[in-house]
Structures are given as structure tokens and as C-alpha cells.
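K.L.:
After the C-alpha cells below, expect a handful of questions from me.
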């Protein structure tokens, strides 16, 4: 027997299909695929089961469901806005300060200027888009790193809000129709939740089913290579900053309708959960890159975790610890998923 024949004889034939070994291998491969693509969703379902067992009287109630949806509308919109910018390889640290200023703008236009509420909604969303345009100009034309540029813009926005409110609360009579932007329900679900779903759907269509989405991902992956293929990177990056600002403006309107009072201290607390949602979303559905539905799943999983911990009686400091740990884990998992995707 030749050396080649001896080697061939020593080879172990792969398990045939239908055998116990073959079925086990296929099951293992399927489980690994589910965990790598939908691991975050599986973890969310696990949390729901655990908290339902530990808190059968409170966590499983319809009020908890509505609270999770209604209380996280602002975070979900900000996470989607951040996700758009991250898709191009940039960051927007101004989103939290921007939503804080936008809810002040909405309340100011309603109470101080006395504008009709539909006009207030349009002006507030447009103002958010203008802030996004300023960010884009600083990043694309002034060539300032997005981290620094948006942090500086956000700090200025916080100062403008403090100046307008004079460090106090801005209170006034809010029209019932404006308040219903947040309070109204359809089929038992808060209307803002439908707004979040609509924004996520539009982003999903643009990123996954329209050529512009592939171009944005190409810019985020390798901008120079994208430009060599004819992708207008400057215009597209500017567009993502403006769209991000428009979404933040919408979040500001909903926040104003929810609080019905404005103060400059509102806003910064949304920065961390929005970042966590956007980055953690890159670990699921489309592992290795930010995506709309992954972002929504991430926000909901974080909301379920925080709601369950709060109902268990944990102290107020548990929430930032939970979110900070989730941010570190999400960045690590997103990087791992991106490396696996490239391989």
C-alpha cells in the first residue's frame, strides 16, 4: 500500500446524513447559527421568563408591557438616530443634548410664542435637522473628528437650553392634542411606539433594500475604497447627520408631549442608553454591523432587564451599572461579530 493510500485509509469519513452523529452535528451548527445571529433576542426571552417566574404578580401584567414600550420611546428614537451615523463610521455625541434642547424649543414655541401645535411639531423637527446639518458641516467640511465636533455642539446646545430656561423649569398650558402625541393609544399600545416602528421600518428599507444603504455601509467599512468606486461619501454622510437630527427632533416633540414641562437638565441621561442600544444592536439580526431591527431588539432587551431589576427592588444605581456593563459587552461582541463576518 502506498503512502497516499495509507493516509486515505486513515481518514475518518464524515457522519452520514440521517445518522445520530450527523443529526447532532447539524443541530450543533443550527444552535451556533441561532446564537450568533439571534443571541440577543434569545437572551431577552430568557430575561422575560426569569422575571415572569420571580415576579408573577407584577412583571407579567399589561401595565409593565405598556410601561416598557412607552417609557423607552425616546431612547429607541435616539438609538436609531445614532445607528444611522455609526453606519458611516462616525459618532454623534450631541443627540442627548439635542433632544434636551428640542423639547425646550417645543415647549417654548407652545407656551411663550403661542404657535399652533402642528406648526410647533414641524418647527421642532426642522430645528433638530438643522443641528444635524451643523454636525455634518463640521465633520465633512471643517474636517473635525465626529467625536470632538458633536461633543462640542452638544455642549453648546446644553448651554443654549440653560440660557433660555434660566436654569429653571419652563411650564405652561399644553394643548390636549399636543399631549395626545404621547398619551394616545391604538389597540392598547402607545402611539409613539408606532412612530418608532415606522422610523425603524423606513431605516430598514433604506439600509437593506435600497442602493444608498449599501453605500452607507461601504463608507463605514472603508471610505477610501467606497470613494474610488464613485460613492459620493461627503453628500451621504451629510445626509445621515441631517436625518439623524430630524429623528432627534421627533424624539424632542414626543418628550415634550410626555413631560409637558421643559428644563435644561433633561437630555444627557439618554446618551448612554442610546449608544448602548445602537452598538448592542450590531450583535444581532445582522451581526457585525449596525441595523434597525437589531437596535430595536437591543433597546427592548435593556428595557426588560432594567424593568425587572427595578421591580425586584434594586437601588437606583443598578440602572447605570447595568447600562455601562451592557455598553462594554456590546462593543466587544460587535467587534467579534465584525471579525467573524470578515472571515
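The values are calculated or read from the model by the stated rules, or taken from the named source; none is laboratory data. Small disclaimer: the values here were computed from a predicted structure and weren't measured. With ideal geometry, Cβ positions are generated from the backbone for all residues, glycine too; neighbour counts draw on all protein chains shown.
K.L.:
Restricting to segment 190-209, what's the tally of residues that are in contact with a helix residue (DSSP H, G or I) (Cβ under 6 Å, 6 or more places away or on another chain), more than 16 Å from residue 244 (Cα to Cα) and assigned to a helix (DSSP H, G or I)?
P.N.:
Counting residues in segment 190-209 that are in contact with a helix residue (DSSP H, G or I) (Cβ under 6 Å, 6 or more places away or on another chain), more than 16 Å from residue 244 (Cα to Cα) and assigned to a helix (DSSP H, G or I) gives 2.
K.L.:
Another one. With respect to the numbered conditions (1) touching a residue at least 40 places away in the same chain (Cβ under 8 Å); (2) over 23 Å from residue 75 (Cβ atoms), which one is the sole condition not fulfilled by residue 227?
P.N.:
Of (1) touching a residue at least 40 places away in the same chain (Cβ under 8 Å); (2) over 23 Å from residue 75 (Cβ atoms), only one is false for residue 227: (1).
K.L.:
Do you know which residues across segment 250-272 are more than 15 Å from the chain's Cα centre (by Cα), within 17 Å of residue 75 (Cα to Cα) and not in a loop (DSSP other than H, G, I, E, B)? Steps first, please.
P.N.:
Taking segment 250-272 as the starting set, the residues that turn out to be more than 15 Å from the chain's Cα centre (by Cα) are 252-268.
Keeping just the survivors that are within 17 Å of residue 75 (Cα to Cα) gives 252-259, 265-268.
Across segment 250-272, the qualifying residues are 252, 253, 254, 255, 256, 257, 258, 259, 268.
K.L.:
Count, please, the residues in segment 135-189 that happen to be closer than 30 Å to residue 63 by Cβ and either out of contact with any helix residue (DSSP H, G or I) (no Cβ under 9 Å at 6 or more places or on another chain) or surrounded by fewer than 17 Cβ atoms within 10 Å (Cβ to Cβ) (or both).
P.N.:
Qualifying residue count for the region: 16.
K.L.:
List the number of the failed condition for residue 308; all other conditions in (1) within 15 Å of the chain's Cα centre (by Cα); (2) buried (at least 17 other Cβ atoms within 10 Å of the Cβ); (3) part of a helix (DSSP H, G or I) hold.
P.N.:
(1)
K.L.:
It is to be established whether one or more residues within segment 171-181 are farther than 24 Å from residue 77 by Cα and touching a strand residue (DSSP E or B) at 6+ places or on another chain (Cβ under 8 Å).
P.N.:
Here is the first cut: in segment 171-181, the ones farther than 24 Å from residue 77 by Cα are 171-173.
After this cut, where a residue has to be touching a strand residue (DSSP E or B) at 6+ places or on another chain (Cβ under 8 Å) as well, the list is 171.
Yes: one or more hits.
K.L.:
Can you pull out the residues in segment 216-230 that are farther than 21 Å from residue 149 by Cα, touching a helix residue (DSSP H, G or I) at 6+ places or on another chain (Cβ under 6 Å) and surrounded by 18 or more Cβ atoms within 10 Å (Cβ to Cβ)?
P.N.:
Residues satisfying the conditions are 218, 226.
K.L.:
List, please: which pairs have Cβ atoms under 7 Å, are six or more places apart or on different chains, and start with a residue in segment 170-192 that is within 11 Å of residue 111 (Cβ to Cβ) and end with one that is assigned to a loop (DSSP other than H, G, I, E, B)?
P.N.:
170/263; 174/260
K.L.:
Additional query: Could you please let me know if residue 246 is modelled with pLDDT of 90 or more, over 12 Å from the mean Cα position of the chain (by Cα), assigned to a helix (DSSP H, G or I) and surrounded by fewer than 24 Cβ atoms within 10 Å (Cβ to Cβ)?
P.N.:
It is true that residue 246 is modelled with pLDDT of 90 or more, over 12 Å from the mean Cα position of the chain (by Cα), assigned to a helix (DSSP H, G or I) and surrounded by fewer than 24 Cβ atoms within 10 Å (Cβ to Cβ).
K.L.:
Going by the structure shown, is residue 115 over 21 Å from residue 155 (Cβ atoms) and either without any contact (Cβ under 8 Å) to a residue 24 or more places away in the chain or surrounded by fewer than 24 Cβ atoms within 10 Å (Cβ to Cβ) (or both)?
P.N.:
Details: over 21 Å from residue 155 (Cβ atoms): yes; either without any contact (Cβ under 8 Å) to a residue 24 or more places away in the chain or surrounded by fewer than 24 Cβ atoms within 10 Å (Cβ to Cβ) (or both): yes.
Yes, satisfied.
K.L.:
Run residue 89 past the list (1) surrounded by fewer than 16 Cβ atoms within 10 Å (Cβ to Cβ); (2) within 21 Å of the chain's Cα centre (by Cα); (3) modelled with pLDDT under 95 and report the number of the one that doesn't hold.
P.N.:
Here residue 89 clears every test but (1).
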